[in-house]
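Below you'll find the structure, written out as structure tokens, and then a few comments.
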Amino acid sequence: VGVYGGPAGLTPNLDSFAADSTVYDTAIAASGWTKPSLASMFTGMSPRAHGANTPTARVRPEYPTLAEILTERG
């Protein structure tokens, strides 16, 4: 990928997109897969704390999500 120092012209569409974007050198997620990562973003808790860290698990009911908090507050 050119934006990260790769050969020019190899990834022109990505490089063009990056030219008008915010590009990060480092990104950190709460988990290596989507479900617990999103649950962490929406609860502010780690996967171990909120409990949504297996394919069938859900966020523990005692931990409200951002959507639930905003709904309660109109």
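Side notes on the structure shown:
- R0 of 35 Å, Cβ-Cβ distance L70-A29: FRET efficiency to nearest 0.05: 0.95
- Dividing the mean sequence gap of close Cα pairs (under 8 Å, 6+ apart) by how many residues the chain holds gives a relative contact order of 16 percent.
- Sites matching GluC sites (Glu not before Pro) across region 6-74 that sit in DSSP coil, with at most 10 neighbouring C-beta atoms within 10 Å: E62
- Dipole magnitude (debye, nearest 20) for the chain, charges at Cβ of Lys, Arg, Asp, Glu: 380 debye
- Springs between Cα atoms under 10 Å define the GNM used for the chain, and in it the highest mean-square fluctuation of P36, P61, P12 occurs at P12.
- Scaled radius of gyration (Cα, divided by 2.2 N^0.38 Å) that the chain gives: 1.59
- Taking only protein heavy atoms and a 1.4 Å probe, the accessible area of the chain is 58% carbon and sulfur.
- Å² per residue, accessible surface of the chain at 1.4 Å: 79 Å²
- Restricting the chain to trypsin sites (Lys or Arg not before Pro) in coil, as DSSP defines it, with at most 14 other Cβ within 10 Å: R58, R73
The values are calculated or read from the model by the stated rules, or taken from the named source; none is laboratory data. Note that the structure is predicted; figures quoted are calculated from it, not measured. As a convention, Cβ positions derive from the backbone with ideal geometry for all residues, glycine included, and neighbour counts pool all protein chains shown. Quick note on the areas: whole protein, heavy atoms, side chains included, nothing else; ligands and nucleic acids left out. Shrake-Rupley method; radii C 1.70, N 1.55, O 1.52, S 1.80 Å.
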